[in-house]
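K.L.:
If you scroll down you'll find the structure; I have some questions about it.
The values are calculated or read from the model by the stated rules, or taken from the named source; none is laboratory data. All of these numbers come straight from a predicted model, not from anything done at the bench. Cβ sites come from the backbone with ideal geometry, for glycine too, and all protein chains shown count toward neighbours.
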DNA sequence: AATAGTTTCATACAAGCGTTTGAATTGCAA
DNA sequence: TTGCAATTCAAACGCTTGTATGAAACTATT
């Protein structure tokens, strides 16, 4: 078996496992068993477990960013340099939502791995997360172009809320299904995306200073 | 030292550690070191590490639910049985946000522990999470009372989005701070709560069927 | 076909984990 | 003070983890 074959088998096996199980729960032996390679293969090809995780995260991160930016670019070109705010947000939340809610488990492993990496921060990943900030900044700038009058802080909050809703929809999907007794249909991917985009857009275009200040109830 | 003193020391030490570190990273030896008790004390007083985590989670879960429901009850009584939707949402997201963003680390440990338990699901906690569904259902019912015309599915989505924004605001606060370069002020707790409440309210009262269906770009 | 360089493999290792043990210590009633 | 139960403690247990090793198997060039 060639080098690249083994490397790829390990990467995809690790991705599959991390998509479904917590970082702390997946051992090197689980990974090599899933990949059907020898235990020593990981250390031989990647150096260490952490380096394997890092390489996996970086490669998937690049792929996700590329997918998001392609949609953003398409939306901005369609609008002659200024996209509708809805389309900017859809370019941000669409790829992960489509990836994670996709019934094809194989395809969705990458997306679910990324969501886990985003929520359940393990030291080795936290260190290379600076990359994500730069990526998101491109979206903040596109949003600012779309809404030139909007204060910068509101833009950031809107971006933050959009990510919040898409991430939690993926992570807490079981809770939502059980709470709603099936009334919320997560298999309708486009419907879910439309809901998230709509909610994020409304949150963003709301008045920045809420007219009703929050009372501070019973805080000593 | 009396039994209850040791039990309490272990519980609060575990809470402090879990508030700041991932579940996989905190060992029994870390906990007993923080609590300044002997290693065997955990197994003596709680039976096992999992039982310690379970007891901690249940007790904090009860406390959070009580705090939320007290605010909800107050809001509904002020409105003669029907609270403003904003106040229902504030009763839901206010306690965790106030708890987690509170500068007093000691007080906020409980809230941050709960958020971690909510995001980073460890098997022992997942098994007792059914409790949370029943708790949230009470909020869904209050929201339905506040918005009688609203379809049930929209109520659940609104509740889901409200939790999403409050949780991510706590979990990804470092990302938001760095992305915004400090423009988003998380130390203004009431301001943050007002933003989350406002965004969640708008997402909820938005038209349930978005007029702009999401196109499905370049999905093979 | 022989050889040099990769890659695989079974196995072992040290370290860390949660848990157990049995003796020492403590606290309190008689 | 004596005696008994509850609690603490140091030490060790068995197990799992990530990593290292050296021999075996494979690949490819000559």
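K.L.:
Checking the condition away from chain B (no Cβ under 12 Å) and surrounded by fewer than 21 Cβ atoms within 10 Å (Cβ to Cβ), which residue from A:128, A:133 passes?
P.N.:
Criteria check complete, one pass: A:128.
K.L.:
Here's another thing I want to ask about it. For the range A:3-12, state whether one or more residues are surrounded by fewer than 17 Cβ atoms within 10 Å (Cβ to Cβ) and in contact (Cβ under 8 Å) with a residue 12 or more places away in the chain.
P.N.:
yes
K.L.:
Output the residues belonging to the range A:40-56 that are more than 14 Å from every other protein chain (Cβ to nearest Cβ) and either more than 12 Å from DNA strand D (Cβ to nearest atom) or more than 29 Å from residue A:93 (Cα to Cα) (or both).
P.N.:
Answer for the range A:40-56, where residues must be more than 14 Å from every other protein chain (Cβ to nearest Cβ) and either more than 12 Å from DNA strand D (Cβ to nearest atom) or more than 29 Å from residue A:93 (Cα to Cα) (or both): A:40, A:41, A:42, A:43, A:44, A:45, A:46, A:47, A:48, A:55, A:56.
Okay, residues lined up against (1) part of a helix (DSSP H, G or I); (2) touching a residue at least 12 places away in the same chain (Cβ under 8 Å); (3) away from chain B (no Cβ under 13 Å); (4) surrounded by fewer than 21 Cβ atoms within 10 Å (Cβ to Cβ):
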position: A:38; (1), (2), (3), (4): no, no, yes, yes
position: A:58; (1), (2), (3), (4): yes, yes, yes, yes
position: A:63; (1), (2), (3), (4): yes, yes, yes, yes
position: A:76; (1), (2), (3), (4): yes, yes, yes, yes
position: A:82; (1), (2), (3), (4): no, yes, yes, yes
position: A:99; (1), (2), (3), (4): yes, yes, no, no
position: A:117; (1), (2), (3), (4): yes, yes, no, no
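K.L.:
Something else: Could you say whether any residue in the range A:192-211 is surrounded by fewer than 20 Cβ atoms within 10 Å (Cβ to Cβ), over 21 Å from residue B:205 (Cα atoms) and modelled with pLDDT under 90?
P.N.:
No, that holds for no residue.
K.L.:
Would it be correct to say that residue B:91 is away from DNA strand C (no atom under 11 Å from the Cβ) and either at pLDDT 95 or above or closer than 29 Å to residue A:25 by Cα (or both)?
P.N.:
Taking the combined requirement at face value, the residue satisfies it.
K.L.:
If you check B:187, B:121, which single one turns out to be modelled with pLDDT under 95 and loosely packed, with under 15 Cβ neighbours inside 10 Å?
P.N.:
One residue alone meets the criteria, B:187.
K.L.:
Another question, if that's okay. Do we find that residue A:29 is closer than 25 Å to residue B:122 by Cα and within 11 Å of DNA strand C (Cβ to nearest atom) in this structure?
P.N.:
It is true that residue A:29 is closer than 25 Å to residue B:122 by Cα and within 11 Å of DNA strand C (Cβ to nearest atom).
K.L.:
In the range B:13-32, how many residues are farther than 23 Å from residue B:100 by Cβ and without any contact (Cβ under 8 Å) to a residue 12 or more places away in the chain?
P.N.:
2
Quick grid of which residues meet (1) farther than 22 Å from residue A:96 by Cα; (2) assigned by TED's automatic domain parsing to the domain that holds residue A:111; (3) at pLDDT 95 or above:
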site	(1), (2), (3)
A:142	no, yes, yes
A:149	yes, yes, no
A:155	no, yes, yes
A:158	no, yes, yes
A:161	no, yes, yes
A:173	no, yes, no
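K.L.:
Would you confirm, using the coordinates I've provided, whether residue A:44 is in a helix (DSSP H, G or I), free of Cβ contacts under 8 Å to residues at least 12 places away in the same chain and under 20 Å from residue A:4 (Cα atoms)?
P.N.:
yes
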